[in-house]
Every structure is written in structure tokens, then in C-alpha cells.
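The values are calculated or read from the model by the stated rules, or taken from the named source; none is laboratory data. Being a predicted model, the structure only gives us computed values, none of them experimental. Please note: Cβ atoms are built from the backbone with ideal geometry, for glycine as well, and neighbour counts cover all protein chains shown.
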Amino acid sequence: MPFLTAIPELGSSRVPGKQHIVRIRNGERSVVATANLSKRQAEELADRLNDLFTDRPQLFSPCASCGAALLQPPTGRPRKYCSPACSQAAYRNRRAKMS
């Protein structure tokens with residue numbers, strides 16, 4: 001099962017225009033990736049994102065500061081922190097322990 005799932009959510013067909021969205025879901029949490037798409041665009045984008053999420057090896061590790069799950073990049077240096085805020089918090093904790 002992929003870590004992330006893209007789901008096209010289609011709006012009402014009664015109102016013409018672009019009103020469909022693509023939602024990216026991670027278990028209980030979700031975020032709208034893009035909005036104002038046509039039905040075809042939303043479905044194609046969700047398919048492409050799901051292909052991307054499932055084709056890559058799923059390497060996870062916890063954030064060193066908050067413990068959130070990190071999806072590691074396939075190449076390059078592995079990530080230690082989920083955000084710059086967590087990186088800064090870890091730095092401040094290390095500095096406080098030295099004093």
C-alpha cells in the first residue's frame with residue numbers, strides 16, 4: 001500500500017466549468033493538491049500521482065525531532081527532519097544540552 005494516495009474529487013456536473021479537485025491522502029490526513037480542474041484533468045493528475053507514489057521504493061524513517069514519517073528520496077542524502085522548523089528545534093535542543 002502506498003504511503004500517499006491521490007484521489008480525484010469531482011464536483012457537481014450541473015454547474016459548467018472547472019470545479020474538480022485532486023486530494024492527496026495520507027491515512028487520516030489529506031490536503032488539496034490542486035483545484036479548478038476539469039473532470040478529465042483531475043482524473044489524469046490523480047492517476048499520474050498514484051503512479052509516481054507506487055513506482056518508487058517506499059523508504060520511510062521518522063523525523064529526528066518530531067517523529068513524523070519521512071518519505072526518503074531515491075537518491076542523494078537521506079532526510080533527517082520533516083521541515084526547517086524541526087531542524088531548527090533540534091539545533092536549539094543540541095545547543096541547550098551543551099550549556
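Some values worked out for this structure:
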{"read-out": "Hits in the range 71-99 (condition: modelled with pLDDT of 85 or more, closer than 30 Å to Leu52 by Cβ and of a type in the set (S, T, N, Q))", "value": "Ser83, Ser87, Gln88"}
{"read-out": "Positions within the range 18-51 being at pLDDT below 75, surrounded by fewer than 16 Cβ atoms within 10 Å (Cβ to Cβ) and either part of a loop (DSSP other than H, G, I, E, B) or in the same structural domain as Ala89 (by TED's automatic domain parsing) (or both), in sequence order", "value": "Lys18, Gly27, Glu28"}
